[in-house]
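Notes follow once the structure below has been shown.
FYI, it's all coordinate maths here, none of it is from the lab. Since this is a predicted model, take the numbers as computed values, not measurements. Every residue, glycine among them, receives a Cβ derived from its backbone with ideal geometry; neighbour counts consider all protein chains shown.
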Amino acid sequence: MRVEAWLFGITTVFLVLVTPAYWLITDNGDTGADWTGTSALVMTTLLTAMVTLYLGFHAKRMDARPEDRIDGEIADGAGELGFFPPYSWWPFWCACTLGVIVFAMAMTQWWMVVLGMSLGVLTLSGWIFEYYRGEHAH
C-alpha cells in the first residue's frame with residue numbers, strides 16, 4: 001500500500017501546484033476567475049490528500065503484501081482473494097425504484113414519491129439480505 005500512497009501523494013502535490021495556477025490563468029480581470037473549475041480542483045486536491053493520508057496510515061500498520069516486497073514470489077499471493085458475489089437482480093430493482101422516485105419528484109406527484117419510497121425500502125432490504133436466504137445463502 002505504500003506505493004499507492006506515494007502515487008496519490010504525487011498527485012496531491014501536482015494538484016496543489018496546478019490549482020493556484022489555474023485560478024491565476026483564468027482570471028481575466030473583469031469577471032474574475034473561473035470559480036467552478038477552481039472549486040473542482042480544490043475539492044479534488046482535498047480528496048487525493050485524504051486518500052494519501054488513509055493509505056499512508058494503513059501502510060505503516062499492515063504487513064507487507066507479496067507484491068510490495070522485493071523478495072515476494074508469485075506463489076505468495078496464491079489462495080482465496082475474497083468473496084465475489086454472483087449475479088443479482090436487486091440492483092436493477094433498486095435502480096427502477098429510484099427512477100420512479102425521481103420521476104415522481106419531477107412531476108410533483110407526492111403520492112408516487114411515497115409509493116416509490118415504500119418500494120425502495122422493500123428493494124433495498126432485498127438487496128441487503130439476499131445472502132440470508134435462497135440459492136446463495138450462507
Based on the alpha carbon coordinates of the stretch 51-106, what radius of gyration and maximum Cα-Cα distance (Dmax) apply, in Å? 20.8, 59
Please report Rg over Rh for the stretch 2-77, where both radii come from the alpha carbon positions and Rh follows the Kirkwood definition. 1.25
At 222 nm, what helix-only mean residue ellipticity would the chain give, in deg cm²/dmol to the nearest 500, using -39500 (n - 2.57) for each DSSP H run of four or more? -22000 deg cm²/dmol
Total charge dipole magnitude, the chain, about the Cα centre, Cβ charges on Lys, Arg, Asp, Glu only, Debye to nearest 20: 380
Kindly give the semi-axes, whole Å and largest first, of the ellipsoid equivalent to the chain, taking each as the square root of 5 times a Cα gyration tensor eigenvalue. 39, 35, 10
Of the chymotrypsin sites (Phe, Trp or Tyr not before Pro) in the stretch 1-90, which ones lie in a loop per DSSP and count no more than 16 other C-beta atoms within 10 Å? 83, 87, 89
